[in-house]
Amino acid sequence: MNRLEGKIALITGGARGIGRAICEAYAAEGAKVAVADRLTDEAEETVAALGASGMAVELDVTDLGSIAAGVALVEDAWGGIDVLINNAGIFNMCAIEEITPEDYRRQYDVNVAGTIFTTQAVLPGMKKRGKGGAIINFSSQAGRRGEAYVLVYCSSKAAVISITQSMALELAKDNIRVNAIAPGVIDTPMWDHVDSLFAKYENKPLGQKKREVGVAVPLGHMGLPEEIADPCVFLASDEARYITAQTLNVDGGNWMS
């Protein structure tokens, strides 16, 4: 316990699902946690569960002004940011012939640009503190391979792996470590949306795809949000002080690398 004692963390998409699980795990390990999300009511609910160690921050990763304001709020209140979790992400799927510029831009704006520009906003203060830092980006097993009907999402998550490597090499001199997590199929509210899309494009009854992907995992079941939060704690802690530029698969054995 208390592996993150004294650290200040900003977690995008922190209001629910994997993000909320990370917020709860970080608070339990002694960190102060900024729950950054567009879903302000749900962010406040998460903060209520964290107690005095939490702060709700309204933040839209597609809006540079919103990012800057959110980062400034945390820095003014707590003196800086030691850990950034770029967790905010969206998913959509469609046939190649149906991809629109709007959908392409939206997924890349959140999944790729959101990661880059939130990191950009945090870096000046993180460097100024002179204590190093940890940045954890969220890819996906979808970033390790292509998948039918998921061209845009898969490519955006592959980009996150590359971004992580480039960031890590550039920031190593500042003792800022950058790693990524590639979750497999995780049982969150987002999967209801994913399942409904697969039902449409693979002509399956609702719920069937979710059952299939769980059974197909070598460990035999979908993951839980806290099973992503635990390695997220590790990567931000001093136990991972010699780990950077890596993407950790947390997927029950779905992908081996």
> When the helix-only estimate is applied to the chain (DSSP H runs of n ≥ 4, each -39,500 (n - 2.57), divided by the residue count), what is the mean residue ellipticity at 222 nm, nearest 500 deg cm²/dmol?
Replying inline: -14500 deg cm²/dmol
> Whats the longest run of the chain with zero GluC sites (Glu not before Pro) that are DSSP loop and have at most 13 other Cβ atoms within 10 Å?
Replying inline: 6-146
>> Can you list residues from other chains, or at least 5 along the same chain, whose modelled amide H is less than 5 Å from the amide H of L248?
In response: A180, I181, A182
> Using the alpha-carbon atoms, what tilt in degrees (0 to 90, nearest 10) does helix 190-201 show relative to the longest principal axis of the chain?
Replying inline: 20 degrees
>> Quick check: residue separation of W78 and E97 times 0.36 nm, minus the Cα distance between them. What number comes out in nm?
In response: 2.0 nm
> What's the angle, to the nearest 10 degrees (0 to 90), between helix 64-78's Cα axis and the longest principal axis of the chain?
Replying inline: 40 degrees
> So, with +1 on the Cβ of K and R and -1 on the Cβ of D and E, and no other charges, what is the size of the charge dipole of region 115-157 about its Cα centre, to the nearest 20 debye?
Replying inline: 300 debye
> Amide H of I176: which non-local residues (sequence gap of 5 or more, or other chain) have their own amide H closer than 5 Å, using H built in the peptide plane?
Replying inline: G133
>> Just to confirm a number: summing +1 for Lys and Arg and -1 for Asp and Glu over residues other than R16 whose beta-carbon lies under 10 angstrom from that of R16, what do you get?
In response: -2
>> Under 14 Å from a point placed 7 Å out from the Cα of L151 along the Cα-to-Cβ direction: which residues of region 101-141 have their backbone N that close?
In response: 101-105
> For L219, what is the net charge nearby, where nearby means another residue's Cβ is under 11 Å from its Cβ and Lys, Arg count +1, Asp, Glu -1?
Replying inline: -2
> Between N87 and residues 5 or more places away or on another chain, which pairs have amide H atoms under 5 Å apart, with H built 1.01 Å from N, and which residues are they?
Replying inline: T12
> In whole Å, what is the distance between the alpha-carbon centres of region 197-257 and region 71-139?
Replying inline: 20 Å
> Got a sec to turn the phi values of region 24-33 into Karplus ³J(HN,Hα) couplings, 6.51 cos²θ - 1.76 cosθ + 1.60 with θ = phi - 60°, whole Hz, x for Gly and Pro?
Replying inline: 5, 5, 5, 4, 5, 8, x, 7, 8, 10
> Counting alpha carbon pairs within less than 8 Å and at least 6 residues apart, what relative contact order, in whole percent, applies to the chain?
Replying inline: 19 percent
> List the lysines whose alpha-carbon lies under 27 Å from that of K200, not counting same-chain residues fewer than 8 positions away?
Replying inline: K157, K209, K210
>> In region 70-108, whose amide N lies under 12 Å from the spot 7 Å out along Cα-to-Cβ of A199? List them in ranges.
In response: none
> Between S53 and A68, what length in nm is gained on full extension when 0.36 nm per residue of separation is reduced by their alpha carbon distance?
Replying inline: 3.2 nm
> Based on the Cα coordinates of the chain, what is the per residue volume of their convex hull in Å³?
Replying inline: 120 Å³
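Read the figures in this text as sums done on the coordinates, not as results from a lab. Bear in mind that the values here come from a model prediction, so they are computed numbers and not experimental data. We place every Cβ from the backbone using ideal geometry, glycine too, and count neighbours over all the protein chains shown.
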